[in-house]
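Notes for the one structure printed next.
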Amino acid sequence: AAAKDAIVTAANVTKRFGELRALNDVSLTIAPGAVQCIIGPSGSGKSTLLRCINQLEKIDQGAIWVDGELIGYRIKGDELHELSDAEIARQRLATGMVFQRFNLFNHMTVLENIIEGPVTVLKRPRQEAVAEAEKLLARVGLSEKRNSYPIELSGGQQQRIAIARALAMKPKLMLFDEPTSALDPELVGEVLAVMRDLAASGMTMIVVTHELGFAREVASDVIFMDKGEIVERGHPQQVLVAPQQARTRDFIAAVL
Ligand code: ADP
Ligand code: MG
């Protein structure tokens, strides 16, 4: 069952792609308000874990609960019934996802990008959605860009809009998959600053990142993954500064 008070519980999750176990018997819980950073080499299963939590991938074994709900299934008596696509789409609204590549709608203005979900999916009145979007634009420091198109913005600005757009859906949990990896180095800081504010506001976040400075400062907990498994997990000062496992040590030495 879902761990008491956890916003995410994963229990013995395995995800296969053919013969490959992208996730191998992964278990974890994440407390409300936690900033869970995940580090690890390329191919270690970090994106797959986020995609399974966000139901972009179906798991092969185990179970995941988000905000107390078993994802992908409805429990009826002692039977499990698979959710329909529409039910999964509704369940997925609990999580906002920000990807490495800012996937904004390029034919829509910044404001239209942000209100699209609230108006079409949540059926919010347009005026209300616009007012909320304006607050979010102020929060990410881009009020003056409300009528711009994504291609007129820098990568850092686009990523801040992607964060605002995800927040407009009022998620319980935000997932970030290497949100600064595609950015020019001078634009990384502005995105991390928005994420830092979000963390300070109490949002629960899972952040896959190679920004170890950010992880050290902001993470409440760090997971090191390798080959589809959680190798080490703990306080950032432990995992990033004094790792117990040789594989964690080698990885951190290579990134720094
Ligand atoms: P990371 O995000 O840590 O770099 P991923 O979760 O993207 O790692 O990938 C974990 C492993 O699963 C890799 O070996 C990758 O090649 C494989 N993989 C991921 N997605 C797919 C897919 N859709 N089809 C086949 N293999 C995949
Ligand atoms: Mg990845």
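The values are calculated or read from the model by the stated rules, or taken from the named source; none is laboratory data. Quick caveat: nothing in here was measured; it's all calculated off a predicted structure. For neighbour counting, all protein chains shown are included, and Cβ atoms are generated from backbone atoms with ideal geometry for every residue, glycine included. For the accessible areas, the whole protein counts, side chains as well, though only heavy atoms, and no ligand, DNA or RNA atoms are used. Shrake-Rupley method; radii C 1.70, N 1.55, O 1.52, S 1.80 Å.
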Given Leu192, Met205, Ser27, which one lies farthest toward the positive end of the charge dipole of the chain, if we put +1 on the Cβ of every Lys and Arg and -1 on the Cβ of every Asp and Glu?
Met205
Three-way shape call for the stretch 31-133 based on the alpha-carbon gyration tensor, with the a/c threshold at 1.5
oblate
Report the longest stretch of the chain that contains none of the trypsin sites (Lys or Arg not before Pro) sitting in a DSSP loop with at most 12 other Cβ atoms within 10 Å.
124-256
After finding the eigenvalues of the alpha carbon gyration tensor for the chain, what semi-axes result from the square roots of 5 times each, listed largest first in whole Å?
29, 25, 15
Taking every DSSP beta bridge that has both residues in the chain, what percent is antiparallel when rounded to the nearest 5?
60 percent
At 1.4 Å probe size, with no ligands or nucleic acids counted, give the accessible surface of His235 in Å², nearest ten.
110 Å²
With every protein chain present, what is the per residue accessible area of the stretch 13-55 (1.4 Å probe, Å²)?
37 Å²
Would you grab the residues whose amide H sits under 5 Å from the one on Val8? Only those 5+ places off in sequence or on another chain, please, with H modelled 1.01 Å from N.
Ile30, Asp67
Going through the cross-link list Lys58/Lys135; Lys15/Lys172; Lys15/Lys135; Lys46/Lys135; Lys15/Lys123, which pairs have a Cα-Cα distance over 28 Å in this structure?
Lys58/Lys135; Lys15/Lys135; Lys46/Lys135; Lys15/Lys123
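If each residue of separation counts as 0.36 nm, what is the full-extension length gain between Ser181 and Gln61 once their alpha-carbon separation is subtracted?
Computed gain between Ser181 and Gln61 is 40.2 nm.
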Rolling a 1.4 Å sphere over the protein heavy atoms, what is the accessible area per residue of the stretch 89-242, to the nearest Å²?
44 Å²
Within the stretch 162-176, name every residue whose backbone N is under 15 Å away from a label modeled 7 Å from Cα of Glu128 along the Cβ vector.
168-170
For the stretch 73-89, take each phi angle, set θ = phi - 60°, evaluate the Karplus expression 6.51 cos²θ - 1.76 cosθ + 1.60, and give the result in whole Hz per residue in order, putting x for glycine and proline.
9, 10, 9, 10, x, 10, 10, 9, 10, 5, 6, 6, 4, 5, 5, 5, 4
Summing Lys, Arg as +1 and Asp, Glu as -1, what charge do residues with Cβ under 12 Å from the Cβ of Asp177 carry, Asp177 excluded?
+2
Take the solvent-accessible surface of the protein heavy atoms, probe 1.4 Å, and return the percent of it on the chain that carbon and sulfur atoms account for.
49 percent
Keeping every protein chain in place, order Glu152, Glu112 by accessible area at 1.4 Å, biggest value first, i.e. largest first.
Glu152, Glu112
Distance histogram in 5 Å bins (all Cα pairs of the stretch 20-69, percent per bin):
4, 16, 30, 29, 16, 4, 1
Going out from 0 in 10 Å bins, what whole percent of all Cα-Cα distances in the stretch 105-241 drops into each bin?
11, 38, 32, 15, 4
With θ set to phi - 60° and the Karplus curve 6.51 cos²θ - 1.76 cosθ + 1.60, what are the ³J(HN,Hα) couplings of the stretch 152-165 in order, to the nearest whole Hz, using x for Gly and Pro?
7, 9, 6, x, x, 5, 4, 5, 5, 5, 4, 5, 4, 5
Tell me which aspartates and glutamates have Cα within less than 12 Å of Lys170's Cα, excluding those fewer than 8 residues away on the same chain?
Glu132
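Kindly identify the stretch 145-208 as rounded, prolate or oblate by the Cα gyration tensor criterion: order the square roots of the eigenvalues as a ≥ b ≥ c, call it rounded if a/c is under 1.5, otherwise compare a/b with b/c, prolate if a/b is larger, else oblate.
oblate
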